[in-house]
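Let me begin by presenting the structure, written as structure tokens, before commenting on it.
The values are calculated or read from the model by the stated rules, or taken from the named source; none is laboratory data. For clarity, every value in this text was computed on a predicted model and none was experimentally measured. Here the Cβ positions follow ideal geometry from the backbone for every residue, glycine too, while neighbour counts run over all protein chains shown. Surface areas here come from the heavy atoms of the whole protein model, side chains and all, with no ligands, DNA or RNA. Shrake-Rupley method; radii C 1.70, N 1.55, O 1.52, S 1.80 Å.
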Amino acid sequence: MGLRVLAVDDEAPALDDLVHLLRADPRIGEICTARDGATALRQLDRALAEGRPFTAVFLDIRMPGLDGTVLGRVLAQFARAPHIVYVTAYEGHAVDAFEIKATDYILKPVRPERLAEAIRRVTESASGGPPDGAAGAAGAPPPRAEPEPMPVELGGVTRFVAPAEVLYVEAQGDYARLHTSGGSHLVRIPLAALEDRWRGAGFVRVHRSHLVALPAIEELRLDSGRCTILVGGAELPVSRRHVRELRDLLVRRARRSP
């Protein structure tokens, strides 16, 4: 029967474009629309009362009155919460999406292939399919049962540091410094080589000088176009070309969290 979705945007041209793209996808069944957050909330309440809840809400963020972030927090409290896909022209609300556990976060203008990816994520989550991001378009690392540890020298004794112990890795020329909760270790391996070796252990490249364990990221900060993350008490820069990939990975990971 296809997914039953609600598209919400206060700008008529943007809403029309979104509906047009949604209708072109065979996985979409019924599409309802709303021009503001309050109307959307009433439709969502009515759908629940009628026993025909929406599978997903494709939601703009900056709207007069009840905006998308406030509405998203309300929806997160529903007993049968719909999947939230934010569709916005602004990157600066990624932290809100992360906290709300949105299924996806799409930037305008919406590309058909990007919307198709979001619909795939909603479909898999709604049907109890494989966890989102296991092989996503944004480059999420594939699972690996036994990631390779790294030997380090400590006072003449060789110790093996498992990837699970490492919060982030810092490039230092032909060496890499492994930062753990108990200290740091310098090992003779280029960052690119370690990135390839630990790709399946949940590490993502955020900067030419930093490789980070995704579960260790405590905060994502966006300020005047500059993006940083907080890892183990250290604030690390995120290069512009890695921002979208990292944001997508964090949003999907938050959605999977209990």
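Can you name the condition, by its number, that Asp17 falls short on among (1) under 20 Å from Glu113 (Cα atoms); (2) in contact (Cβ under 8 Å) with a residue 60 or more places away in the chain; (3) open to solvent by less than 40 Å² (accessible area, probe 1.4 Å)?
(3)
For residues that are at pLDDT below 85 and not in a loop (DSSP other than H, G, I, E, B), tally how many sit in the range 202-240. Outline the logic, then answer.
First, pick out the residues of the range 202-240 that are at pLDDT below 85: 222-225.
Now drop any that are not not in a loop (DSSP other than H, G, I, E, B), which leaves 222-223.
Final tally of qualifying residues: 2.
Against the definition (touching a strand residue (DSSP E or B) at 6+ places or on another chain (Cβ under 9 Å), basic (Lys, Arg) and either open to solvent by 20 Å² or more (accessible area, probe 1.4 Å) or in contact (Cβ under 8 Å) with a residue 12 or more places away in the chain (or both)), how does Arg35 come out, yes or no? Give the derivation first.
Working: touching a strand residue (DSSP E or B) at 6+ places or on another chain (Cβ under 9 Å): yes; basic (Lys, Arg): yes; either open to solvent by 20 Å² or more (accessible area, probe 1.4 Å) or in contact (Cβ under 8 Å) with a residue 12 or more places away in the chain (or both): yes.
Criteria met by Arg35.
Counting only residues that are farther than 20 Å from Ala234 by Cβ and not in a loop (DSSP other than H, G, I, E, B), which one in the range 152-181 is modelled with the highest pLDDT?
Residue satisfying both the conditions and the ranking: Phe160.
In the range 39-63, how many residues are over 26 Å from the mean Cα position of the chain (by Cα) and either open to solvent by 20 Å² or more (accessible area, probe 1.4 Å) or closer than 16 Å to Tyr86 by Cα (or both)? First the steps, then the outcome.
Within the range 39-63, the subset over 26 Å from the mean Cα position of the chain (by Cα) is 39, 42-43, 45-52.
Then drop every residue that is not either open to solvent by 20 Å² or more (accessible area, probe 1.4 Å) or closer than 16 Å to Tyr86 by Cα (or both), which leaves 39, 42-43, 45-46, 48-52.
Counting residues in the range 39-63 that are over 26 Å from the mean Cα position of the chain (by Cα) and either open to solvent by 20 Å² or more (accessible area, probe 1.4 Å) or closer than 16 Å to Tyr86 by Cα (or both) gives 10.
Name the strands (runs of 3 or more DSSP E) wholly within the range 10-124 that hold at least 3 residues that are under 26 Å from Glu245 (Cα atoms)? Reasoning before the result, please.
Working: elements: 28-34, 56-59, 83-88, 104-107.
By residue number, 56-59, 83-88, 104-107.
Does Glu153 count as surrounded by 14 or more Cβ atoms within 10 Å (Cβ to Cβ) and of a type outside the set (Gly, Ala, Ser)?
Working: surrounded by 14 or more Cβ atoms within 10 Å (Cβ to Cβ): no; of a type outside the set (Gly, Ala, Ser): yes.
It is false that Glu153 is surrounded by 14 or more Cβ atoms within 10 Å (Cβ to Cβ) and of a type outside the set (Gly, Ala, Ser).
What is the residue count in the range 167-181 for residues that are touching a residue at least 12 places away in the same chain (Cβ under 8 Å) and open to solvent by 60 Å² or more (accessible area, probe 1.4 Å)? Don't jump to the end; show me each part of the working.
Residues of the range 167-181 touching a residue at least 12 places away in the same chain (Cβ under 8 Å): 167-172, 174-176, 178-181.
Subset that is open to solvent by 60 Å² or more (accessible area, probe 1.4 Å): 172, 174-175, 181.
Looking only at that region, the number is 4.
Would you check which residues across the range 65-115 are touching a helix residue (DSSP H, G or I) at 6+ places or on another chain (Cβ under 9 Å) and acidic (Asp, Glu) and list them?
Answer for the range 65-115, where residues must be touching a helix residue (DSSP H, G or I) at 6+ places or on another chain (Cβ under 9 Å) and acidic (Asp, Glu): Asp67, Glu91, Asp96, Glu99, Asp104.
Got a number for residues in the range 221-242 being open to solvent by 20 Å² or more (accessible area, probe 1.4 Å), under 21 Å from Glu170 (Cα atoms) and aliphatic (A, V, I, L, M)?
2
With the checklist (1) in contact with a strand residue (DSSP E or B) (Cβ under 7 Å, 6 or more places away or on another chain); (2) under 23 Å from Ile100 (Cβ atoms) in hand, flag the one item Arg244 doesn't pass.
All conditions pass for Arg244, except number (1).
Can you tell me how many residues within the range 187-207 are open to solvent by 20 Å² or more (accessible area, probe 1.4 Å) and either among the hydrophobic types (A, V, I, L, M, F, W, C) or farther than 25 Å from Phe160 by Cα (or both)?
Matching residues across the range 187-207 total 4.
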